[in-house]
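Visitor: Sharing a structure with you now.
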Amino acid sequence: MRRQWALLEHALGSLRRRAWRHVALAVAVALVVGVYGSALLLADALRGEWRSTLASVPDLVVQRLEGGRPALVEVAALAEVVPLDAPGVRSAEARVWGYLFVEALGANVTVVGGERPLDGALAAGRAPRAGAERPECVVGVALADHFAVRPGDRLAVPDARGELVLLEVVGVFVAASALQTADVLVTDDATARRLLALPEGRATDYAVTLSRPEEAPVIAGQVRARMSDARVIERDALVRTYELTFDGRSGLLSALLVPCLAVLLLLVWERLSGLGEAERREIGVLKAVGWETRDVLTARLWESAIVAVGGAWVGALAAYAHVFWLDAVGLRGALFGWSALHPPLELTPVIDPTAAWTLLGVVVVPFVGASIVPAWRAASIDVDEAIR
Amino acid sequence: MPRGGGLATAPHRNLTKQLLGRGLGLGPGVAPPFCYTREVSRSFQPGRRLRAFIAAIGALALLSAGVVADAATRRGVAAAALDARRAAVRGVGLGDLALSSSARWIRHPTQAEPGAPFQDLPSTFDVDPAGAVVGPPAPRARRER
């Protein structure tokens, strides 16, 4: 143990003598780990956000395809397609929802109609009531901020035909649900139909909740048998879509960083394999006074490990700070793409140990590995030749 | 003292002094290098650099502890708000993240069709989920159309 302490102290002295070279390498390691780490942390946090509310989405969504595209469904046909007395079906509804492009925002507002159960989901106000004197609505925080409205204010929104509809804001969703509801506007059925230009008797899709979610494939098969032009989206399909989305985007970002990693390793090899005159003489003297090859090798490995682990450690901390304290500035654009209406990003850290070890394995292990051969060459140097 | 390579500037000055004290007689101005022997090893005392190194590790560990505490706080806040978020998603009926409000086909990727590019603008490619290089297994793809 004492021997290792002594070798470590020697390695520290060696690091200090060639401080700038090692600082440059440590900064490069920190940069690569930091950028990789940020992408992983952000993707994992978003995945965690979505998974945490997964249980609240309907088990099945039934759409109708017309010409290969989603078309409106008949409200009256719901009882026929998804009989409420069918075994395993807890509830089924024809939903009225869709997108309304608001030019003033440069973004689409997700309009949801009908009497929605919003207990516990609102920061202020109440759910909209049908048949009120003036149409009522509940909005997400991003919409409320953009329009500068609070419960009690009035909001004029152009409908799909361009005519202004005056709504009374009666509630705002809690800020914690901003990632899901930032651009959502919930209103009564008739107003939603007017905003979306949706004819009476038609709906966007059917949402089905099951008593036992594991029966989804069976119920989905029954729905397909009753409605030949149906496209049934099961919850596991939603999971896969999201996994694909985030894995795809963060994977693409990571793939872009592979050349950076290759350059880093090349730099390490180049910097550590070129022995300077002073280093050669130093190793020669060490061996002349009784150091074994093993000791020289160990001291060199300590040097590499300190640089790699120190750099990676700083990089990992910087990645956390970047994602959770600086809202992933610079990276969110690459991962989310452009949008005029972004929700405030208040993410919860979800750290995947596999990803953390992979990151460590991809950067630190190759770094130390790339320094072994130069270290071995340095350690097996001929004393006579080195001192001379 | 020579700089940049001579072991005269190397660590273990205490050891160097000990060696000098034993009368190695290397002459004035020539400090002996750290001689790794069993006896020296036994008399090894952590030097200034080692203490600075341990202090640096301690500082990083402290920062890491701060990060862990911050993560725990954020998780606590998120857990407290989870019911409200679930209620919001249950109420709206749509669980997709509102990250892209400027394109209809990507606002609710789980509700979008699996293979319909160019929905919004000519030459915009469909990134989700058709953006995957490898498709789903054939029976599943048929079932989901």
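Visitor: Quick one: what are the phi-derived ³J(HN,Hα) couplings along the stretch A:114-128, Karplus 6.51/-1.76/1.60 with θ = phi - 60°, whole Hz, x for glycine and proline?
Guide: x, 7, 9, x, 10, 4, x, 9, 10, 7, 8, x, 9, 6, x
Visitor: If you roll a 1.4 Å probe over the heavy atoms of the protein chains, what accessible area per residue do you get for chain A, in Å²?
Guide: It amounts to 43 Å² per residue over chain A.
Visitor: A follow-up question, please. Could you list which residues have their amide H under 5 Å from that of A:Arg202, counting only those 5 or more apart in sequence or on another chain, with H placed in the peptide plane?
Guide: Here the answer is A:Val75, since their amide H atoms fall under 5 Å of that of A:Arg202.
Visitor: Moving on to the next point. Among A:Gly68, A:Gly37, A:Gly152, which one shows the highest mean-square fluctuation when chain A is modelled as a Gaussian network with alpha-carbon springs under 10 Å?
Guide: Of the options given, A:Gly68 has the highest mean-square fluctuation.
Visitor: Just report the Cα centroid separation between the stretch A:84-118 and the stretch A:299-361, whole Å.
Guide: 36
Visitor: Which value, in debye to the nearest 20, describes the size of the charge dipole of chain A about its Cα centre when Lys and Arg Cβ atoms bear +1, Asp and Glu Cβ atoms bear -1, and nothing else is charged?
Guide: Value, rounded to 20: 1280 debye.
Visitor: Angle check, please: helix A:216-226 long axis (alpha carbons) against the longest principal axis of chain A (alpha carbons), in degrees 0 to 90, nearest 10.
Guide: 40
Visitor: Using the Cα centre of chain A as origin and beta-carbon charges of +1 (Lys, Arg) and -1 (Asp, Glu), tell me which of A:Ala26, A:Tyr206, A:Val89 is placed farthest towards the positive end of the dipole.
Guide: The one lying farthest along the dipole's positive direction is A:Ala26.
Visitor: So who's got an amide H within less than 5 Å of the one on A:Ala123, skipping anything under 5 residues away but keeping other chains? H placed 1.01 Å off N, in plane.
Guide: Close amide H contacts, sequence-distant or interchain: A:Val172, A:Phe173, A:Val174.
Visitor: Mean shadow of the stretch A:305-388, computed from the convex hull of its alpha carbons, in nm²?
Guide: Over all viewing directions, the stretch A:305-388 projects a mean Cα-hull area of 8.4 nm².
Visitor: Relative to the Cα centre, what is the charge dipole magnitude of the stretch A:26-178, using +1 at the beta carbon of each Lys and Arg, -1 at the beta carbon of each Asp and Glu, and rounding to the nearest 20 debye?
Guide: Here the size comes out at about 260 debye.
Visitor: If I fit a long axis through the Cα atoms of helix A:293-320 and take the longest principal axis of the Cα atoms of chain A, what angle between them do I get, 0 to 90°, rounded to 10?
Guide: Compared with the principal axis, the helix lies near 20 degrees.
Visitor: What total accessible area, in Å², is buried where chains B and A meet, using a 1.4 Å probe and rounding to the nearest 100?
Guide: What B and A bury together is about 7600 Å².
Visitor: Let me ask something else. Other chains near A:231-242: what is the mean number of their Cβ atoms within 10 Å of each residue's Cβ?
Guide: Whole-number average of other-chain Cβ neighbours for A:231-242 is 5.
Visitor: Find the relative contact order for chain A and round it to a whole percent, using C-alpha pairs within less than 8 Å whose residues are 6+ positions apart.
Guide: Over chain A, the number comes to 29 percent.
Visitor: What percent do you get for the relative contact order of the stretch A:1-139 when only Cα pairs under 8 Å and 6+ apart count?
Guide: The value is 8 percent.
Visitor: Here's a follow-up. Across every pair of different alpha-carbon atoms, what Kirkwood hydrodynamic radius in Å does the stretch A:172-301 reach?
Guide: 22.7 Å is the Kirkwood radius here.
The values are calculated or read from the model by the stated rules, or taken from the named source; none is laboratory data. Computed from a predicted structure; not experimentally measured. Cβ atoms come from the backbone with ideal geometry, glycine included; neighbour counts cover every protein chain shown. For accessibility, only protein heavy atoms count, side chains too; no ligands or nucleic acids. Shrake-Rupley method; radii C 1.70, N 1.55, O 1.52, S 1.80 Å.
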